[in-house]
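Structure record follows, encoded as structure tokens.
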Amino acid sequence: MARPVWAGNLSFGLVSLPVGLYTATDSHTIRFHQLQRGTSDRIRNRRVNERTGNEVELDDIVKGYDTGGEYVLVEPAELDDIAPGRSRSLEINGFVDLTEVDPIFFDKTYYLGPRGKGFDKVYSLLEQALAKAGKAGIATFVMRQHEYLVALKAENGLLTLHTLHWADEVRDPKAEIDGLPGKARTSDKELKMAEQLIGAMTMAWDPAAFHDTFQEKVAALIAAKRAGDTVEKAEPAAEPTGAVDLMEALRASVERAASPKATGGKATTSGKATAAKKPAAKKRIRSAPKKDDLDGLSKADLYKKATAAHLPGRSHMTREDLVKALSRT
């Protein structure tokens, strides 16, 4: 069993519950060591005194606040001494509706579990009450010499704790982004087509259906380099859609989303959203490129030809799939 990253007392009103805080998520990022180019020599970060060049032990390091030419020194223990409840108190200040907390405030999630025997009833009571009320408890507490604003929620039969950003940590988008368009003028047809696209692409939320494909590609790159092989480069990024091409891009997107080929053999429909039918284009005869000619092209070049030929599902095709599809056009 995992050890809690924090332990203390959760209190609401005059009710107190000893709890432990457990990390709820994990990272599967592939990590690399730093090496000097041309060697197998590791590069390591060290704590070095910038005046003497000597390495300094962790126990000999204190915190210093620069006041402009002079440092105010603070020992780690002094930070613990001034922490509310000596860093062991998690007191709920009040309860708010879950919908009131904007998603931008949420940071990291923890599981909250009871500690010690005889507190199951108190834990379960708070979880059930929060779930029934649809509210979150707002509190502050100190962990590892930092104070956190948190939201306590009931989720799937247990209590979870979500650290929140402080209000002054959330940046103003108007101050950060130049040239925000606001509500640009759009035609009724464009808006209706965009709504149809959203409807055609509506799906049930299933987080297990998604996985980190970039990490898989990194693992494949490492395996290929280890075997002395090469790895194909990724497909080029899509070209930006200009205002002139917007309507056509929306129409093609709706048709693709509703295509059985693009949705695994089943057209996607949702509510009133239906794929807009494109007028039948006049047939024209064109000669298909020879397979021998296509075999010599890179995947990027094949993708460009597939884009020009408006091949559906091209973004999901392998190089071999692109060759086969282009040879049939």
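Between amide H atoms placed 1.01 Å from N, distances below 5 Å from ARG115 occur with VAL19, GLY20, all of them 5 or more places distant or on a separate chain. The Rg/Rh ratio for the range 1-94 is 1.13, where Rg is the radius of gyration of the alpha carbons and Rh is the Kirkwood radius.
Taking the C-alpha atoms only, the angle from helix 246-257 to the longest principal axis of the chain is near 90 degrees. The slack in the chain from GLN34 to HIS310, taken as 0.36 nm per residue of separation less the alpha-carbon distance, amounts to 95.0 nm. Among ASP212, ASP60, ASP120, the residue with the largest mean-square fluctuation in a Gaussian network model of the chain, with springs joining Cα atoms closer than 10 Å, is ASP60. Which residue fluctuates the most in the chain, going by a Gaussian network model with Cα springs under 10 Å, if the choices are ALA204, ALA154, ALA219? Between ALA204, ALA154, ALA219, it is ALA204 that shows the largest mean-square fluctuation. Residues ILE177, ILE222 in ascending order of nearby Cβ atoms (within 10 Å, fewest first): ILE177, ILE222.
Checking the table LYS135/LYS217; LYS135/LYS189; LYS108/LYS135; LYS63/LYS217; LYS189/LYS299 against a 30 Å threshold on Cα-Cα, which pairs fail? Correct reply: LYS135/LYS217; LYS135/LYS189; LYS63/LYS217; LYS189/LYS299. Every helix of 4 or more DSSP H residues in the chain counts as -39500 (n - 2.57), and over all residues that averages to -8000 deg cm²/dmol at 222 nm.
Each Cα pair under 8 Å and six or more residues apart adds its separation to the average, and for the chain the resulting relative contact order is 12 percent. Net charge in the neighbourhood of LEU112 (other residues with Cβ under 15 Å of its Cβ; Lys, Arg +1, Asp, Glu -1) is +1. Please determine, in degrees from 0 to 90 and to the nearest 10, the orientation of helix 299-308 with respect to the longest principal axis defined by the Cα atoms of the chain, where the helix direction is its Cα long axis. For helix 299-308, the angle is close to 60 degrees. With equal scatterers on the alpha carbons only and no solvent term, can you work out the Debye log10 of I(q)/I(0) for the range 43-109 at 0.12, 0.25, 0.29 1/Å? Here the Debye-derived log intensity ratios amount to -0.68, -1.16, -1.26. For ALA209 and SER11, what does the FRET efficiency come to when R0 = 45 Å and r is the distance between their Cβ atoms, rounded to the nearest 0.05? Result of the calculation: an efficiency of 0.65.
Counting only alpha carbon atoms, the long axis of helix 213-227 and the longest principal axis of the chain meet at about 80°. Estimated at 0.36 nm per residue, the fully extended path between ARG46 and GLU195 surpasses their Cα-Cα distance by 48.1 nm. Cα centroids of the range 190-210 and the range 2-46: 36 Å apart.
Count Lys and Arg as plus one, Asp and Glu as minus one, and take only other residues whose Cβ is under 10 Å from that of HIS162; the net charge is then 0.
Report the far tail of the P(r) of the chain, meaning the percent of Cα-Cα pairs longer than 32 Å. Of all Cα-Cα distances in the chain, 61 percent exceed 32 Å. With the simple model of a label 7 Å out from the Cα in the direction of the Cβ, SER259 to ASP178 spans 3.9 nm. Between rounded, prolate and oblate, where does the range 76-157 land on the alpha carbon gyration tensor, with a ≥ b ≥ c its root eigenvalues, rounded for a/c under 1.5, else prolate if a/b exceeds b/c? It comes out oblate by the Cα gyration axes.
All of the numbers you see were taken from the coordinates with simple rules; none came from a lab. Quick caveat, the model's predicted, so the values are computed rather than measured. Cβ sites come from the backbone with ideal geometry, for glycine too, and all protein chains shown count toward neighbours.
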